[in-house]
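In what follows, a structure is listed as structure tokens, so that the remarks can point back to it.
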Amino acid sequence: MNDPTPTNTRSAAPPSVEQWASLLASGCLKHGIQLPYALKWIDLESGGNPCAIGSPASRGPDGNPRELGIVQLYNPDDLRRFGVSGAQLRTYCVPGDDHAVTYKGRTVRGFSSALLRPLTRDEMQVQADAAVALIAHCMSTATRDLVAVHAGAAWSRSARAYWTLVKLQHGLPGLSRSGLPAVTRRLQRPPSSWLEFKTTLGQVQLDSGTMKYRDVFPAILHNAEACASVFSEAEFA
């Protein structure tokens, strides 16, 4: 989780992660997402702060942050996909893009992650609905990637491995889209577990667009594992 914080800026306190639970519950039930999993996703990406951003200096084509919101939607792709706007998700945030903020231990200039005011219930619901929509979309792409390599029951929706791959779609989708076929070719069969997939991933060449992020592969894989760690396989036993 990135936490760019402004210096010398008064702001409202963001909601806690737990405060998002009631707003997520209906959507999670509809899509078969365990609520603790959705809350862990939010905790990892924003700590529950709806004004959380990625790199403070990174801008989308609309002039708003490149990554924003409680699940760090990508601007513009996710905003278009889920029918929300950057301006809509920043209306309650400290305005401007030239704040002195702390980012990865350094002071840089860019967007603030501070709240200008508390959110209304409706504004919180927009964030929550977009969060569920993002997870559901990642479920769809994870399922597509698994079907393409004829993955077995170890990757069913009742298994933690599946939900780890779902979060990987958000962190770096190429690790799944390019990685699963490459690992399958290497093993001459689909990987039988998340561990086998992750271990073999380090032995294969992926597409160039994915490989340029190789230095952060360990952090992205760890993030996916941390999110899925709260998934309860016992519910399907």
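Assorted remarks:
- Verdict on ALA219 being at pLDDT below 95 and closer than 26 Å to ILE33 by Cα: no
- Filtered by the rule that a residue be under 16 Å from GLY47 (Cβ atoms) and assigned to a loop (DSSP other than H, G, I, E, B), segment 66-91 gives GLY69, ILE70, VAL71, GLN72.
- Segment 80-130, subset in contact with a Pro (Cβ under 6 Å, 6 or more places away or on another chain) and of a type in the set (Gly, Ala, Ser), residue surrounded by the fewest Cβ atoms within 10 Å (Cβ to Cβ): ALA114
- Applying a threshold of 6 Å to beta carbon distances and a minimum spacing of six or more residues, or different chains, the list of pairs starting in segment 78-100 at a residue that is within 20 Å of PRO56 (Cβ to Cβ) and modelled with pLDDT of 95 or more and ending at one that is of a type in the set (Val, Ile, Thr) and assigned to a loop (DSSP other than H, G, I, E, B) reads VAL94/THR9.
- In segment 157-181, the qualifying residues are those that are charged (D, E, K, R) and part of a helix (DSSP H, G or I), and the one that is surrounded by the fewest Cβ atoms within 10 Å (Cβ to Cβ) is ARG160.
- Scanning segment 25-64 for residues that are closer than 21 Å to SER232 by Cα, under 15 Å from the mean Cα position of the chain (by Cα), buried (at least 17 other Cβ atoms within 10 Å of the Cβ) and of a type outside the set (Lys, Arg) yields ILE33, TYR37, ALA38, LEU39, TRP41, ILE42, ASP43, LEU44, GLU45.
- Residue in segment 182-237 that is nearest to LYS40 (Cα to Cα), counting only those that are among the polar types (S, T, N, Q) and either touching a Leu at 6+ places or on another chain (Cβ under 6 Å) or in a helix (DSSP H, G or I) (or both): ASN223
The values are calculated or read from the model by the stated rules, or taken from the named source; none is laboratory data. Given the structure is predicted, the values throughout are model-derived calculations rather than measurements. Every residue, glycine among them, receives a Cβ derived from its backbone with ideal geometry; neighbour counts consider all protein chains shown.
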